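Peer 1: Quick one: this structure, given as structure tokens, is what I'll be asking you about.
Taken together, the values in this text are just the output of simple stated rules run on the coordinates, not laboratory data. Owing to the predicted nature of the structure, the values given are computational and were not obtained by experimental measurement. Glycine gets a Cβ as well: all are built from the backbone with ideal geometry, and neighbour counts include every protein chain shown.
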Amino acid sequence: MNKTELQSIARAMVAPHKGLLAADESTGTIKKRFDKIQLESTEEHRRSYREMLFTTAGAAEYISGVILYDETLRQSCADGTPFPAYLAAKGIIPGIKVDAGAKPLAGVPGETITEGLDGLRERLAEYHKLGARFAKWRAVIDIGAGIPSRFAIDANAHALARYAALCQEAGIVPIVEPEVLMDGDHTIERCEEVTSLTLQSVFDALYAHGVYLEGIILKPNMVISGKKCPVQASRQQVAEATVRVLRQHVPAAVPGIAFLSGGQSEAESTEHLSLMNRLGDLPWQLSFSYGRALQASALDAWHGKPSQFAAGQRTFFKRARLNGLARTGRYEPAMEQEPA
């Protein structure tokens, strides 16, 4: 493990004004997205869609890295340039999703454990050769009646730490993603409580596994009301609660925090990030690692039609630019009305 190199990559991933594009949807997930625009999920359509995003002019000004799916990491632009090589040449760091998804946790009804540790060392070595310089592993913590249990939180934290240690051994920066879901009817106070417990457990596990904190990126949820909660917290309340939890549980050694959008709308996730970045001097970069919140409008504008390729790119660039502005607290909701 070269600590200097890991730290350099991690810092570049959260460079000022920039954030990550999560384009790591599994084949099943992207099919659901394509179904909404009545587009068949063929390998070529998936490749073309990713090329539309990756080749957007000026994207590197706001996108520091892209999380890829295994299939996408092995695909190429229409001219034959492998996606990882194309991105790297633009100054965008290629990354890879390595977990195998959340599965039911035996003996604990209603809770999950993320799988994928078996054979991970060998897969990471291959991914490094293919150009990946960071990886992502998502743990899922659900809030409901009697859950999450401390056992489920700790089991997922342990898996995240094992994954992170293996990544650093391979010269790959781990994105550590413990997601407390915003599904359900819980209050923002309950989300804050569970997020606090989760982050405490995750960093305890990272310490125990000897993970180099200067060489990781944290990808947490924002502290937010459940979607079905009758009382929705204001955007300012979300920003303040999220930063409060982070200050309490995330060591200053961590270079940056790249939030997931977690089902929020594009505008909502961008405004939350902007408000957080207005809350004074923070020890880490507050950035974004968005999937749908960067892609939804672009996918709709493209609609699978070659004639709409440029329209999709303009729309994607707008979202990237607005989130780049949110990195310094300069985003305003009125900017949503500006043309792409």
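Peer 1: Among all residue pairs at least 6 apart or on different chains, which show Cβ distances below 6 Å where the first residue, located in the stretch 214-234, is without any contact (Cβ under 8 Å) to a residue 24 or more places away in the chain and the second is part of a loop (DSSP other than H, G, I, E, B)?
Peer 2: These pairs meet every condition: Q232/S225.
Peer 1: State all residues of the stretch 1-47 that are exposed (fewer than 12 other Cβ atoms within 10 Å of the Cβ), among the β-branched types (V, I, T) and not in a loop (DSSP other than H, G, I, E, B); if no residue qualifies, say none.
Peer 2: T4
Peer 1: All but one of (1) surrounded by fewer than 18 Cβ atoms within 10 Å (Cβ to Cβ); (2) in contact with a Pro (Cβ under 8 Å, 6 or more places away or on another chain); (3) aliphatic (A, V, I, L, M) hold for L117; which doesn't?
Peer 2: It is condition (2) that L117 fails.
Peer 1: Now for a separate question. Among the listed residues V254, V243, identify the single one that is crowded, with 19+ Cβ neighbours inside 10 Å and touching a Phe, Trp or Tyr at 6+ places or on another chain (Cβ under 6 Å). Please lay out each step first, then the result.
Peer 2: Values: V243 fails: touching a Phe, Trp or Tyr at 6+ places or on another chain (Cβ under 6 Å).
After ruling out the rest, the residue left standing is V254.
Peer 1: Of A311, A267, A296, which residue is over 20 Å from L20 (Cβ atoms), of a type in the set (A, V, I, L, M) and surrounded by fewer than 23 Cβ atoms within 10 Å (Cβ to Cβ)? Outline the logic, then answer.
Peer 2: On the way: A267 fails: over 20 Å from L20 (Cβ atoms); A296 fails: over 20 Å from L20 (Cβ atoms).
After applying the criteria, what remains is A311.
Peer 1: Now, a different point. Quick one: which residue in S269, S265, S287 is in contact with a helix residue (DSSP H, G or I) (Cβ under 6 Å, 6 or more places away or on another chain) and among the polar types (S, T, N, Q)?
Peer 2: Details: S265 fails: in contact with a helix residue (DSSP H, G or I) (Cβ under 6 Å, 6 or more places away or on another chain); S287 fails: in contact with a helix residue (DSSP H, G or I) (Cβ under 6 Å, 6 or more places away or on another chain).
Being in contact with a helix residue (DSSP H, G or I) (Cβ under 6 Å, 6 or more places away or on another chain) and among the polar types (S, T, N, Q) holds for just one of S269, S265, S287, which is S269.
Peer 1: May I pose another question? Quick check on my filter: what residues within the stretch 226-267 are under 17 Å from T187 (Cβ atoms) and aliphatic (A, V, I, L, M)?
Peer 2: Scanning the stretch 226-267 gives V231, A233, V238, A239, A241, V245.
Peer 1: What single numbered condition from (1) surrounded by fewer than 20 Cβ atoms within 10 Å (Cβ to Cβ); (2) farther than 30 Å from Q232 by Cβ fails to hold for L124?
Peer 2: So the condition that L124 fails would be (1).
Peer 1: If you don't mind, another one. In contact (Cβ under 8 Å) with a residue 60 or more places away in the chain, surrounded by 14 or more Cβ atoms within 10 Å (Cβ to Cβ) and closer than 20 Å to L218 by Cβ: does that describe G95? Step through it out loud before you land on a result.
Peer 2: Numbers: in contact (Cβ under 8 Å) with a residue 60 or more places away in the chain: yes; surrounded by 14 or more Cβ atoms within 10 Å (Cβ to Cβ): yes; closer than 20 Å to L218 by Cβ: yes.
Yes: the conditions hold for G95.
Peer 1: Just to check your reading of the model, which residue among A132, A89, A145 is free of Cβ contacts under 8 Å to residues at least 12 places away in the same chain, among the aliphatic types (A, V, I, L, M) and closer than 20 Å to S8 by Cβ? Spell out how you get there, then give the answer.
Peer 2: Working: A132 fails: free of Cβ contacts under 8 Å to residues at least 12 places away in the same chain; A145 fails: closer than 20 Å to S8 by Cβ.
Residue meeting the stated conditions: A89.
Peer 1: On to the next question. Out of all the residues in the stretch 127-146, is one or more out of contact with any Gly (no Cβ under 7 Å at 6 or more places or on another chain) and over 26 Å from V211 (Cβ atoms)?
Peer 2: yes
Peer 1: Under the condition of being touching a His at 6+ places or on another chain (Cβ under 7 Å) and not in a loop (DSSP other than H, G, I, E, B), which residue from the stretch 171-229 is surrounded by the fewest Cβ atoms within 10 Å (Cβ to Cβ)? Can you show your working first?
Peer 2: Quick first cut of the stretch 171-229, residues touching a His at 6+ places or on another chain (Cβ under 7 Å) only: 171-172, 196, 199-200, 203, 205, 222, 226, 229.
In the following step, the residues that additionally are not in a loop (DSSP other than H, G, I, E, B) were identified as 196, 199-200, 203, 205.
Numbers: S196: 17, L199: 22, Q200: 15, F203: 21, A205: 22.
For the stretch 171-229, the residue satisfying everything is Q200.
Peer 1: Also, I was wondering about something else. What number goes with the only condition from (1) out of contact with any Phe, Trp or Tyr (no Cβ under 9 Å at 6 or more places or on another chain); (2) more than 22 Å from I175 (Cβ to Cβ) that P82 does not pass?
Peer 2: Checking P82 against (1) out of contact with any Phe, Trp or Tyr (no Cβ under 9 Å at 6 or more places or on another chain); (2) more than 22 Å from I175 (Cβ to Cβ), the one that fails is (2).
Peer 1: Could you please give the count of residues in the stretch 307-327 that are in contact with a helix residue (DSSP H, G or I) (Cβ under 8 Å, 6 or more places away or on another chain) and over 15 Å from G58 (Cα atoms)?
Peer 2: Total meeting the criteria: 4.
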